[in-house]
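The values are calculated or read from the model by the stated rules, or taken from the named source; none is laboratory data. Because the structure is predicted, anything quoted here is derived from the model rather than measured. A quick note on method: Cβ atoms are made from the backbone with ideal geometry, for glycine too, and the neighbour counts reach across all protein chains shown. The protein model used for the area step is the full one, side chains on, heavy atoms only, and it has no ligands, DNA or RNA in it. Shrake-Rupley method; radii C 1.70, N 1.55, O 1.52, S 1.80 Å.
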Amino acid sequence: MPINPDALAASIGGLAELTAADRGGLERALEHVVSETNRIFAVDGAGLLLLSEGDVLRYVAASSERGRIIETLQEQVDEGPCVDAFEQGEPVVAADVVRDPRWPAFGPMAGRQGVHALLGVPVVLEATVGTLNVYSTTPHVWDDGEIEAIQAFSRIVASVLRTAVEAHVQGQVTEQLQYALDRRVVIEQAKGILMEREGLTPGAAFERIRSQARSNRERVVDVARRLVAGKPLDHQAS
């Protein structure tokens, strides 16, 4: 899906000064960025997920009803390219999720909605707080230019969120954001401990922490806090 460089530069330039006070508030500003992402990529949809209470990603904005459904499905089954992009802190691509063995639950669900290709990138403030995502109704191999372009839009999302925090904007999205920031700082510290101690990748370190939480029916952030405090993971979670 070729991206016009001039249109991309003009779009990013036009969004650069966007704040939570523009276009009727934070939610409207985020919806505008998502819609512009969809337009520039000439894809079949775009969406934004942010972490919220319960340690799950939740839908915040989408360019269409289908996009909202795709974001919500990943939230419900806790898997998909966008979930992986959040957990790994790096872009995740899928040329065709229906045929991709990495997401056995989400892939068929996406196929039933007519969605095949997805690209998710992390939205980063001090830590990863969510993901910005685009999708196509046909299989598609995402190239480096497309990945770099959506990363540029993810930085716009981060800028809008940052201005909302600095301006003490009230609302559900800012509450989600504050929760995500508080949680992710601790989790990133815990991941770093496991990565240094056991030579794990960021994704594997997070999975160790999450497995421990699920085994003991705890929150991920509580397990992370114990690791940071110097307590080891239970042996059965290894």
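At-a-glance table
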item: Candidate set: the range 97-128, residues that are within 14 Å of Asp84 (Cα to Cα) and open to solvent by 60 Å² or more (accessible area, probe 1.4 Å); chosen: the one nearest to the chain's Cα centre (by Cα); result: Arg102
item: Unmet criterion (only one of (1) without any contact (Cβ under 8 Å) to a residue 40 or more places away in the chain; (2) touching an Asp or Glu at 6+ places or on another chain (Cβ under 6 Å)) for Glu65; result: (2)
item: Residue ID - modelled with the highest pLDDT, chosen from residues in the range 142-174 that are open to solvent by 40 Å² or more (accessible area, probe 1.4 Å) and in a loop (DSSP other than H, G, I, E, B); result: Asp143
item: Residue match in the range 148-162 (condition: closer than 20 Å to Asp78 by Cα, polar (S, T, N, Q) and under 15 Å from the mean Cα position of the chain (by Cα)); result: no
item: Test for Gln189: is it of a type outside the set (Gly, Ala, Ser), open to solvent by less than 70 Å² (accessible area, probe 1.4 Å), part of a helix (DSSP H, G or I) and at negative phi; result: no
item: Condition broken by Phe41, with the remaining ones in (1) over 23 Å from Glu175 (Cα atoms); (2) at pLDDT below 90; (3) in contact with a strand residue (DSSP E or B) (Cβ under 9 Å, 6 or more places away or on another chain); (4) open to solvent by 60 Å² or more (accessible area, probe 1.4 Å) satisfied; result: (4)
item: Those residues of the range 175-186 which are open to solvent by less than 40 Å² (accessible area, probe 1.4 Å) and either assigned to a loop (DSSP other than H, G, I, E, B) or more than 16 Å from Pro122 (Cβ to Cβ) (or both), in sequence order; result: Tyr179, Val186
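Results for (1) touching a residue at least 40 places away in the same chain (Cβ under 8 Å); (2) among the aromatic types (Phe, Trp, Tyr); (3) out of contact with any helix residue (DSSP H, G or I) (no Cβ under 7 Å at 6 or more places or on another chain), shown as yes or no for each residue.
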position: Val77; (1), (2), (3): no, no, no
position: Asp84; (1), (2), (3): yes, no, yes
position: Pro91; (1), (2), (3): yes, no, no
position: His116; (1), (2), (3): no, no, no
position: Val124; (1), (2), (3): no, no, no
position: Thr128; (1), (2), (3): yes, no, no
